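Quick note: the coordinates plus some simple rules give every number you see, no bench work behind them. None of these values were measured; they are calculated from a predicted model. We place every Cβ from the backbone using ideal geometry, glycine too, and count neighbours over all the protein chains shown.
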Amino acid sequence: MNEIGIINQLATALFEARLPKGVLVSHFAVLNHLTRVRDGATPLQLAQAFQVPKTTMTHTLSGLEKRGWVDLRPNPRDKRSKQVWLTDEGRAFRAQAIAALTPELQRIGRDLPDLAQRVLPDLTALRQYLDAARDADLHDAPRETTD
């Protein structure tokens, strides 16, 4: 786990160095999640997905909204909560961020050609295990009830 933590720190610093000033990997991560998993999630669902307090996610979403990358709309099923939708600008920024990191990823692939193929199955299995353990723990923990 220590090695994974260090790799995460190094990768985060590498990525943030290629993002515009003031934009963090956490901003990209939300845009990426909405693209890959589901547009229209509530702030509470996103906070749970990222395992952060709802106030932290609200702050992140506020920054994304100010940049025009997400749109917060009333939830039609529950008028008290909102849903988060990507804007065209948010999708474009996500694509630009990936493009900015592509040369580094290509360099890693060139310097360590078989690494991802060798370690990805084990890392995927570890992530799935930890996800399942977290989900089991969440069933036992008290939950926030509002979005």
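Find me the longest stretch of the chain that has none of the exposed trypsin sites (Lys or Arg not before Pro), where exposed means in a DSSP loop (not H, G, I, E or B) with at most 10 other Cβ atoms within 10 Å. Don't jump to the answer; show the numbers that get you there.
Numbers: sites that count: LYS21, ARG77, LYS79, ARG80, ARG143.
Looking at the chain, 81-142 is the longest stretch - no exposed trypsin sites (Lys or Arg not before Pro) with at most 10 other Cβ atoms within 10 Å.
Mind pulling the angle between the C-alpha long axis of helix 88-111 and the longest principal axis of the chain? Nearest 10 degrees, somewhere in 0 to 90.
Once rounded, one gets 20 degrees.
Please work out how many pairs of lysine residues in the stretch 2-140 are eight or more positions apart (or on different chains) and have Cα atoms closer than 22 angstrom. Before the final figure, lay out the partial values.
Details: LYS21/LYS66; LYS54/LYS66; LYS54/LYS79; LYS54/LYS82; LYS66/LYS82.
Value for the stretch 2-140: 5.
Roughly how many debye, to the nearest 20, is the charge dipole of the chain about its Cα centre, given +1 on each Lys and Arg Cβ, -1 on each Asp and Glu Cβ, and no other charges? If you can, show how the numbers build up before the last one.
Values: 20 positive and 18 negative charges, 105 e Å.
Approximately 500 debye in magnitude.
With the cut-off at 23 Å, report for the chain the share of all Cα pairs above it, as a whole percent. Please report the intermediate quantities before stating the final value.
On the way: 4965 of 10731 pairs.
When every Cα pair of the chain is considered, 46 percent fall beyond 23 Å.
Within the stretch 91-112, what residues put their amide N at less than 19 Å from the label point 7 Å along the Cα-to-Cβ vector of THR124?
Taking a point 7 Å out along Cα→Cβ of THR124, the residues of the stretch 91-112 whose backbone N falls under 19 Å are 109.
What are the residues whose amide H is under 5 Å from the amide H of GLN83, where those residues sit 5 or more places off or on another chain and H is modelled from the backbone?
ARG73, ASN75
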